[in-house]
Each structure stands twice: as C-alpha cells, then as structure tokens.
Amino acid sequence: MTDLELARKVLRHEAAAILALVDRVDGRFSGAIDMLRDCRGRVIVTGMGKSGIIARKVAATFTSTGTAAFFLHPAEAVHGDLGAVQGDDVVLALSHSGETGELLRLLETIRRIGARLIAMTGSPESTLGRAADIVLDCGVGEEACPLNLAPTASTTAALAMGDALAMVLLVEKGFREEDFASLHPGGGIGKRLLRVESLMHTGVAVPAVRTTTPMHAVVAEISAKGLGMTCVLAGDGRLAGVITDGDLRRHMAMADLLSQPASAVMTAGPRTIGRSLLAVEALAMMEQRKITSLVVVDADARVEGVLHLHDLWRTQMF
C-alpha cells in the first residue's frame, strides 16, 4: 500500500525548508547580488554529487536570464578545467556540508587566481564557508528522507536560493521580455514573447506607393515585394491607406483601372500596429479581422514595416 502520508510529509518538509530561507535573505544576500551584478567575467557555479546537479540548474537559470554563467565540475577542475577560471570571475560553490573534498581542493587556486567566492552551504562555519567572501546559509534541520540520508530538503533549499539570486539579478540588470525571447528562440516561451519588430519586413522590402501612383505601377510593386499588398503614402509620407490583392479583385470592373491613381482603389485608415507589440497580439488582430498583413507605424503614422501572416507561421507559434 502506497504511503501517501509519507509523500505529504516529504512535501511539507521541503516546503518548510524553503520558507526557512526567507529570514536569511539579509545583508549577505545583498552582498552576493552586488558581487554577481558587478562581475566583469563570468559566474562559475560548481558542486559535487547532488549539489552538482543543483549547480548545473542554477548556472542554466543564470545564463537564460542574462547572467553569463557555466557549470564547472570540481573533479574535472583539478585535472585541468580550472584554466577556465579567471581573476574577474565569481565562483558560486554549493556544498551542504561545506567539507566536500573536491571543492576544498579548488580553494587555493581560486584565491591565487583572484576570483571571488560565494558559498551556498548548510554549514556556514565549515571550511568552505570560512574561505568564502560571502556565505549564504542554506542549512536544514534534517533531510526529508526518512533515513535522514538522501539529499532532499537540502538540495531543494539550495535550488530555491539559487533561483532567488537569479531573479533578483534579472530585475537589477533590467532584463526584459524581449531579452528572454532572444535567448530562447527555439522555445515556446520565447516565441510567445517575440516582438513585431523582430519579424516585420523593413526598408526596401516594404511595398510602398504614393496616393498619386497609377495602378499599373501599384500592381508592379505588389508583385515585386510578394506580400500581397502595398502601403499607400500621402504627400507628407504618412500612411494614407493600403491596397491588397483583394482590393484589386473588387475593383476589376472599374473603368481604366490600371490608369487610376492608388487613392481611387486603396482602403483608407487601415488597421496598424506598433513595433513593440507582441507577435501573438498581432496574430490575434489578423485572425479577428481576417487579414493577412498589418502595417507597422510609429507615433507619427510613418511606416516602419509590414508584418505578414506567413512571418508568424514561420515561428510555429500556432
């Protein structure tokens, strides 16, 4: 029979381990943030065994939120990989006991190189804790393991403290949604955060004619740019309207169509968007209005680009 109460006890125990960290977010935490934020090199996260697994995740979270970081295996470090550590780096070392032999063997070299050291440990008075510039106490009274042996509550606490560091750094560095998207181009989250400006056609790729342009030249512009439409600009350069393939079909019966000016065929006051809008919002507009393109304009109604439905399809955000 599955011991559901034990499972609940484990979860309560690990939740309590995280909550116990709240009162330890103090001046030492602020000092660690200052050191990480001002780091001119990279953040090197290291740990052995289960702490090493947590260290890998912490390094990955730093990297994905704008802080250059990587994981250094301490056993490999003493066999040559310490060459990756430079004097302007910050080393973040994870060890519950603070006495992990593989980590302690790195201390002399880290000090000789001149890198700064932050320790995340359950024993601030340990050898690692005393050697560090800053110590973050991640200690737990006991593990969630019924035998009090398997690293459980301790690794959960370390992971949570690492996340807290990364999230505060994210805010202090001004890391934005678009920065996240640029670092996650292959992920679903990054695609949802793409901005119109990263997908729109710009410059000479934007189809554009004047209100006085004859329709035979308008048709040539639409065909040349391949977006199934063209922007129509007023004399002052602002957007006056658009002409789409659909507009051409609807005006086929017009006498001397190809000799008419663009103003006679265009749809005035078309729907427009700003370049900073999320691409998913642009997609929603297109679906709602049943259109395949949107003109991107600035606050002065001057054309900055064109976003086509096909550009959104290529992101696979559907």
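Report the one residue of Ala59, Asn148, His201 whose Cα lies farthest in the direction of the positive end of the charge dipole of the chain (charges on C-beta: Lys and Arg +1, Asp and Glu -1; origin at the Cα centre).
With unit charges placed on the Cβ atoms, the residue in question is His201.
Compute the relative contact order of the chain as a whole-number percentage, counting only Cα pairs closer than 8 Å that sit 6 or more residues apart in sequence.
Values: 550 pairs, mean separation 43.0, N = 318.
Relative CO of the chain lands at 14 percent.
In region 1-108, which GluC sites (Glu not before Pro) fall in coil by DSSP and have 16 or fewer other Cβ atoms within 10 Å? Could the numbers behind the result be given before it?
On the way: sites: Glu5, Glu14, Glu76, Glu99, Glu102, Glu108; in loops: Glu99.
Filter output for region 1-108: Glu99.
Helix 279-289 sits at what angle to the longest principal axis of the chain, using alpha carbons and giving 0 to 90 degrees rounded to 10?
Roughly 40 degrees, rounded to the nearest 10.
Can you tell me the 0 to 90 degree angle between the C-alpha axis of helix 50-64 and the longest principal axis of the chain, rounded to 10?
For helix 50-64, the angle is close to 30 degrees.
Please compute the modelled spin-label separation between Leu149 and Leu277, points set 7 Å along Cα→Cβ, answer in nm with one decimal.
My value for the distance between the label points is 6.1 nm.
As a test question: what accessible area, to the nearest 10 Å², does His96 have when a 1.4 Å probe is rolled over all protein chains in place?
His96 has an accessible surface of roughly 80 Å² with all protein chains in place.
Please provide three numbers in whole Å: the alpha-carbon extents of region 192-318 along the principal axes, with the largest listed first.
46, 28, 23
Once the Cα atoms of region 70-167 are picked out, what are the Rg and Dmax in Å?
When restricted to the Cα atoms of region 70-167, Rg and Dmax are 13.7, 43 Å.
So what's the back-of-envelope 222 nm ellipticity for the chain, counting only DSSP H runs of four-plus at -39500 (n - 2.57) apiece and dividing by all residues, rounded to 500?
Details: 13 runs with 130 residues, N = 318.
Roughly -12000 deg cm²/dmol at 222 nm, from the helical runs in the chain.
Hey, if we sort Thr2, Thr65, Thr127 by accessible area with the 1.4 Å probe, largest down, what's the order? Working shown, then result.
Values: Thr2 105, Thr65 10, Thr127 45 Å².
The ordering from most to least exposed comes out as Thr2, Thr127, Thr65.
Let me spell out the model: positive unit charges on the Cβ of Lys and Arg, negative unit charges on the Cβ of Asp and Glu, origin at the Cα centre of the chain. What dipole size does that give, in debye rounded to 20? If you can, show how the numbers build up before the last one.
Details: 32 positive and 36 negative charges, 148 e Å.
Dipole magnitude for the chain comes out near 720 debye.
Please report, to two decimal places, log10 I(q)/I(0) for region 1-160 at q = 0.09, 0.16, 0.18, 0.21 Å⁻¹ as given by the Debye formula with identical point scatterers on the Cα atoms and no solvent.
-0.29, -0.86, -1.07, -1.41
How fast does the chain diffuse by Stokes-Einstein, in µm²/s, taking the Kirkwood radius from C-alpha pairs at 37 °C and 0.692 mPa s? Before the final figure, lay out each step's value.
On the way: Rh = 23.8 Å.
The Stokes-Einstein estimate is 138 µm²/s.
Keeping all protein chains in place, calculate the accessible area per residue for region 42-173 (probe 1.4 angstrom), answer in Å². If you can, show how the numbers build up before the last one.
Details: 5460 Å² over 132 residues.
Each residue of region 42-173 exposes 41 Å² on average to a 1.4 Å probe.
Have a look at Gly246, Gly162, Gly31 and tell me which one the Gaussian network model of the chain (Cα, springs below 10 Å) gives the largest fluctuation.
Result: Gly246 has the largest fluctuation of those listed.
Taking a spot 7 Å from the Cα of Asp133 along the direction of its beta carbon, which residues of region 29-61 have an amide N less than 15 Å from it?
29-45
Binning every alpha carbon pair distance of region 1-95 at 5 Å from zero, what are the percents per bin?
So the P(r) values, bin by bin, are 3, 12, 16, 19, 18, 12, 8, 6, 4, 2, 0, 0.
Share of the chain's accessible area from carbon and sulfur, percent, 1.4 Å? Spell out each step's value before the answer.
On the way: 8800 of 15960 Å².
C and S atoms contribute 55 percent here.
Using only the heavy atoms of the protein chains and a 1.4 Å probe, how would Ser126, Ser51 rank by accessible area, largest first?
Values: Ser126 5, Ser51 25 Å².
The most accessible residue leads, giving Ser51, Ser126.
The values are calculated or read from the model by the stated rules, or taken from the named source; none is laboratory data. Keep in mind the model is a prediction, meaning the values are calculated, not measured. We place every Cβ from the backbone using ideal geometry, glycine too, and count neighbours over all the protein chains shown. Quick note on the areas: whole protein, heavy atoms, side chains included, nothing else; ligands and nucleic acids left out. Shrake-Rupley method; radii C 1.70, N 1.55, O 1.52, S 1.80 Å.
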